[in-house]
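Asker: What follows is a single structure, and I will ask about it in a moment.
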Amino acid sequence: MTPNVSRRSLLALGAGVGASAMLGSSALARAPKLGTQTPYWHRFNLGNAEVTVVSDGPLPLGDPSGTFTGVPKEEVKKMLADNFLSPDNVVLEQNSPIVNTGDKLILFDTGMGSSKMFGTTTGRQQKSMAEAGIKPEDIDAVVCSHAHIDHIGGIVDANNKPLFPNAQIYISQTDFDFWTDEAKLGNPEKDFVIHARKNLLPVRDRIVFFKDGQEFLPGIQAIAAPGHTVGHTIFMVSSAGKSFAFLGDLSHHSVLLLERPRMEFSYDTDPRQAAESRVRLLTMLAANKTPVMSYHFAWPGYGHVAKAGDGFHYYAEPMQMTL
């Protein structure tokens, strides 16, 4: 059966198609690309405390072969690829929680500061804090998990001026003594010693040393986790019956050093001791179902660890949103 289509109908249809084409190319303008990202901070509640996570920016390590050792490099690359991560360039995050207890504002670790040892994407902690509405002069305490450059590099600026003028600095004495030792300036770790001396010595009169197991600030308990450095420490952060563990550098990678927790990491002072601390403490945290925040896990680094065979698995916590 042939449809009864008049010449007038065909002309009208053609005119409509032409008008649609013209509208699509000119009248219906496309939205411009913005090229911007969200501010680099995230906020959530912990009991009666408020926690704001700020980033110092991504820290690229490059090819994993020389950094993650003790496992065949082909296996390392496969682990990364199987988890949809680049097998050729490991990129870590730098997540610093700022805990507002109501009485004190406590910052954990300070990022790379002005150093570009690991490239140009680091050093934005002060910018992240400003985006979150937090002023450096309001920080009462800076708690350092250890004295590596990416954790103490933002205590002073490029001119050695303290960036947190009203804060006391908390660190283990063993780490302070080790990394500020002038005699180590001739050793392979001299770059780390230089930066530790640059950032810690100008504030020496405001440094307080904590001990293993001590609650040195209200709701903040130190737990020794040696190996990555001699005085590396993780912290239990608690408020009104809720808590999480800030892991510092207990594990640098949520896949490699969790699935294979005895894999060694080249920046560890004592890789075997670091692995022992990692297995012991992650086993405890997994058994207790304690939430964790890792300095180097994917942004914002907050979630849970659970036992998985001979290793562990990390489950990221959904971000809390306020309407």
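Asker: Identify which of the listed values of semi-axes √(5λ) of the Cα gyration tensor in Å was calculated from the structure shown: (1) 64, 19, 15; (2) 41, 27, 17; (3) 46, 25, 21.
Answerer: (3)
Asker: Another question, then. Quick one: which residues, 5+ away or cross-chain, put their amide H under 5 Å from the amide H of Val91? H built at 1.01 Å from N.
Answerer: The list, which skips near neighbours in sequence, is Leu61.
Asker: Now a separate question. Given H placed 1.01 Å from N in the peptide plane, which residues other than close sequence neighbours of Leu46 have an amide H under 5 Å from its amide H?
Answerer: Residues meeting the amide H criterion: Val51.
Asker: Given a Förster radius of 41 Å and the C-beta distance between Glu74 and Lys161 as r, what FRET efficiency does 1/(1 + (r/R0)^6) yield to the nearest 0.05? Don't skip to the answer; put the middle values down first.
Answerer: Details: r = 48 Å, r/R0 = 1.16.
It comes to 0.30.
Asker: How large is the accessible surface per residue of the chain, computed with a 1.4 Å probe and reported in Å² as a whole number?
Answerer: Numbers: 16200 Å² over 323 residues.
In whole numbers, the chain has 50 Å² accessible per residue.
Asker: In nm, give the distance between the simple-model label positions of His313 and Ala81, each being 7 Å from the Cα along the Cα-to-Cβ direction.
Answerer: That separation, rounded to one decimal, is 2.3 nm.
Asker: Would you kindly state how much longer the chain becomes between Gln320 and Arg204 on full extension, computed as 0.36 nm times their sequence separation minus their alpha carbon distance, in nm to one decimal?
Answerer: On the way: separation 116, 0.36 × 116 = 41.76 nm, distance 3.78 nm.
Result: 38.0 nm gained on full extension.
Asker: Structure shown: which of Lys33/Lys127; Lys104/Lys135; Lys33/Lys116 lie over 19 Å apart, alpha-carbon to alpha-carbon?
Answerer: Values: Lys33/Lys127 24 Å; Lys104/Lys135 13 Å; Lys33/Lys116 30 Å.
Beyond 19 Å between Cα atoms: Lys33/Lys127; Lys33/Lys116.
Asker: Take every DSSP beta bridge with both residues inside the stretch 245-323 and express the antiparallel ones as a percent of the total, to the nearest 5.
Answerer: Working: 8 of 10 bridges.
So the antiparallel bridges amount to about 80 percent of the total.
Asker: Which shape class applies to the stretch 153-210: rounded if a/c is under 1.5, otherwise prolate when a/b exceeds b/c and oblate if not, where a ≥ b ≥ c are the square roots of the Cα gyration tensor eigenvalues? Numbers along the way, then the final one.
Answerer: On the way: a/c = 2.72, a/b = 1.38, b/c = 1.98.
Taking the square roots of the gyration eigenvalues as a ≥ b ≥ c, the stretch 153-210 is oblate.
Asker: Name the aspartates and glutamates eligible as straight-distance cross-link partners of Lys77: C-alpha to C-alpha under 16 Å, and not fewer than 8 places from it in the same chain.
Answerer: Filter leaves Asp63, Asp88, Glu259, Glu264.
Asker: While we're on this one: Rounded to the nearest 0.05, what FRET efficiency do Thr38 and Lys242 give with R0 = 25 Å and r taken as the Cβ-Cβ distance? Could you check? Mind dumping the intermediate values first?
Answerer: Working: r = 26 Å, r/R0 = 1.04.
Approximately 0.45, to the nearest 0.05.
Asker: Determine, for each peptide in 257-263, 77-83, 152-158, 136-142, the mean count of other beta carbons within 10 angstrom over its residues, then list the peptides with the highest first. Intermediate values should be presented prior to the final figure.
Answerer: On the way: 257-263: 20.9, 77-83: 15.1, 152-158: 22.4, 136-142: 18.4.
Result, highest mean first: 152-158, 257-263, 136-142, 77-83.
Asker: Now for a different question. Please work out whether the stretch 159-311 counts as rounded, prolate or oblate from its C-alpha gyration tensor, where a ≥ b ≥ c are the square roots of the eigenvalues and a/c under 1.5 means rounded, while otherwise a/b larger than b/c means prolate and anything else oblate? Intermediate results must be reported in sequence, preceding the final value.
Answerer: Details: a/c = 2.10, a/b = 1.33, b/c = 1.58.
It is oblate, given that a/c is not under 1.5 and a/b is not larger than b/c.
Asker: OK, next. Quick check: residue separation of Tyr267 and Lys135 times 0.36 nm, minus the Cα distance between them. What number comes out in nm?
Answerer: On the way: separation 132, 0.36 × 132 = 47.52 nm, distance 3.20 nm.
Going from the current span to full extension adds 44.3 nm.
Asker: With just the Cα atoms defining each centre, how far is the stretch 76-114 from the stretch 287-323? Give it in Å.
Answerer: One Cα centre to the other: 12 Å.
Asker: Out of the DSSP beta bridges found with both residues in the chain, what percent are antiparallel (nearest 5)? Spell out each step's value before the answer.
Answerer: Details: 41 of 53 bridges.
Of the beta bridges lying entirely in the chain, close to 75 percent run antiparallel.
Asker: While we're on this one: Residue separation times 0.36 nm, minus the C-alpha to C-alpha distance between Ala287 and Ser65: what's the value?
Answerer: On the way: separation 222, 0.36 × 222 = 79.92 nm, distance 3.18 nm.
Contour length minus Cα-Cα distance gives 76.7 nm.
The values are calculated or read from the model by the stated rules, or taken from the named source; none is laboratory data. As the structure is a computational prediction, the values presented were derived from the model and not from experiment. For neighbour counting, all protein chains shown are included, and Cβ atoms are generated from backbone atoms with ideal geometry for every residue, glycine included. Quick note on the areas: whole protein, heavy atoms, side chains included, nothing else; ligands and nucleic acids left out. Shrake-Rupley method; radii C 1.70, N 1.55, O 1.52, S 1.80 Å.
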